[in-house]
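I have placed the structure first, in the form of C-alpha cells, so that the comments after it can refer back to it.
Only the coordinates and a few stated rules stand behind these numbers; no lab work does. These figures come from a predicted structure and were not determined experimentally. Reconstructed Cβ throughout: ideal geometry from the backbone, glycine too, with neighbour counts over all protein chains shown.
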Amino acid sequence: MNNPFKDILAKVSNLGSGSSPNAVGIDIGTSSIKVVEIKKKGGKAMLETYGSISLGPYADTDIGRVTNLPTAKIVEALKEVLKQSGTTTNSVVLSIPIQSSLVFTIPLPMEVKEGGDITSIVTTEARKYIPVPITEVSLDFFVLPEKELSYEEANNPDLPKKISEKTEVLVVAIQNDAITRLREIVSGCALEASFFEVEIFSSIRANFEHELSPVLLIDFGASRTKLSLIEFGMIKSYHTINRGGADITDAISKSLSIPFGEAEEMKKEFGLYGSPVETELAGIIKVHMDYIFSETSSVLLGYEKKYDKTIAKVILTGGGALMKGLKELTESNFHGEIEVGHPFSKVGAPAFLEKVLEATGPEFAVAIGLALRKLQ
C-alpha cells in the first residue's frame, strides 16, 4: 500500500534520504523491538537479516510485559538488536505507534474538493475529534474515493442509485512529542532515518496483495488489538480495543497462581488448544478473545450499516496472531475467508527459512512494511 500521507511524513521526518540500496525497518512496540533489513537485488526485495529484542528486561520486568521506557533505554535496546541481527546500513525507517496518533474519517459536503480552502475546512473539522490542542499535533488528510456503484446498480437502470451527499476525508494526527522522541532515538543510535510512518500503513503494505473486496485487518499486539477496515488498499475505518496479549498472559498468571513468565510460555506453547496439566488455560484465553471478538463484531456491524458492504476476508497479524487455535476461533466467529498474514512472502529469502519465516512473520509485519516502502 502506498501511504497517502506523504506530505506530513516528509515534514516530520526530513532526516536525510540515504543512498544505500539496503533498508532497515524498525518497529518499536510496547513489549519488544522488531528489526528487518532488506535489499533490492534485480528489481526484487531480498531479505538480508531480521531480529527482535524484548523490552521487559530493560524495565526490570518480565519478557512479554508492556513497558513504558525512557528514550535512553529504548536507544540501548535498539543498539543491541541492531548489533545482534547484524544490520549493515544506518539507513532506517521507523514506525509511529498508534497510541501516539489518531486515524479517523470526517464527512464533508460533496462539493468540497481537493484544493482551495479544503485544508482549513479539514483542520477546523478535525478539531472536534482531537482531544488535545491542534498545535500539539501534525495533521494531514486524504480525500477518499467516491463510492462505486454495485454491479446491480450499474447494470439495472430501474434500480434507484444510492447517491451520497457527503465525501469522506481520512485524517491522521500525530503527536509532535512522538516525533521528537523518534528523532532522539535516531540521533542516539547514530542512524539516518528517511521518514517515519504510522504503523497501520506499514502493516497494510506488508499483509495485503490486491484485495478488491473489503477486508478486516486484526493486529493483535501486546497492549491492544487494532482493527483496520480496508477497501482497495485504503483505510475506511480504524478502531482500537484496549486489550492485548499481555492482558491475556496476566490473567493466566493470576488465575493459575503462576509467574508471568511461566504463563507467557504456556500461552505460546498451548494457546487455545489447552494444556493437559492446566485444563483452565484455554478457557481463560477464550474469555479475553470473546471480549475482543464481541467488540470487533460491533465495529463490523457499524461499518456494514454505514457503507452497506460486508467484509469478505479477515487477516490476522501482529505477535498475537501466532497463538495456537486463534485462526480456528476466528473462523467460528466471522464469515468469509480467514488467513494469517505472511509478510515475509513479500521478500525473497532462502528456501530453508520458509517455515521459520511463515511462523514468525505476523509479528514483523510493521518492520517489513516500513522497509518495503523505503525501497519503493
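Along the axis of the charge dipole computed for the chain (Cβ charges of +1 for Lys and Arg, -1 for Asp and Glu, origin at the Cα centre), the listed residues S228, S120, F260 are led at the positive end by S120.
Please return the longest range in the chain lying between exposed loop sites, taking chymotrypsin sites (Phe, Trp or Tyr not before Pro), DSSP loop only, at most 16 other beta-carbon atoms within 10 Å, and leaving the sites out. Could you put the intermediate results ahead of the total?
Numbers: sites that count: Y129, F232.
In short, 233-376.
How big is the antiparallel share of DSSP beta bridges in the chain, given as a percent to the nearest 5? It would help to have the intermediate numbers written out before the result.
Values: 46 of 64 bridges.
Bridges in the chain that DSSP calls antiparallel: roughly 70 percent.
Going from the residue with the fewest nearby Cβ atoms within 10 Å to the one with the most, K73, K355, K34 rank K355, K73, K34. Which one of T279, L301, L322 has its Cα pushed farthest toward the positive end of the charge dipole of segment 274-340, where Lys and Arg give +1 and Asp and Glu give -1 at the Cβ? The Cα lying farthest towards the positive end belongs to L301. The magnitude of the dipole of segment 41-126, with charges of +1 and -1 set on the Cβ of Lys/Arg and Asp/Glu and taken from the Cα centre, is near 440 debye. Residues whose amide H lies under 5 Å from that of F196, counting only those 5 or more places away or on a different chain, are S13; hydrogens are built 1.01 Å from N in the peptide plane.
Considering all different alpha carbon pairs of segment 234-376, the Kirkwood hydrodynamic radius works out to 17.0 Å. Its residues counted as N, the chain yields a C-alpha radius of gyration over 2.2 N^0.38 Å of 1.01. For segment 223-376, the antiparallel share of DSSP beta bridges with both residues in that region comes to about 65%.
Fewest Cβ neighbours within 10 Å first, please rank T49, T124 accordingly.
Values: T49 17, T124 11.
Fewest to most other Cβ atoms nearby, the residues stand as T124, T49.
For segment 305-376, a crude dipole built from +1 on the beta carbon of Lys and Arg and -1 on the beta carbon of Asp and Glu, taken about the Cα centre, is about 340 debye to the nearest 20. Here the chain is assigned +1 on the Cβ of each Lys and Arg and -1 on the Cβ of each Asp and Glu. Its dipole about the Cα centre then comes out at about 720 debye.
Amide H contacts of V169 (H built 1.01 Å from N, in plane; Pro and chain starts excluded): I106, L108, L144 sit under 5 Å, all sequence-distant by 5 or more or on other chains. Secondary-structure-derived ellipticity at 222 nm for the chain, considering helices only, amounts to -11000 deg cm²/dmol, per-run term -39500 (n - 2.57) for DSSP H runs with n ≥ 4.
The GluC sites (Glu not before Pro) of segment 205-294 that meet both conditions, a loop assignment by DSSP and at most 12 other Cβ atoms within 10 Å of the site Cβ, are E209, E280.
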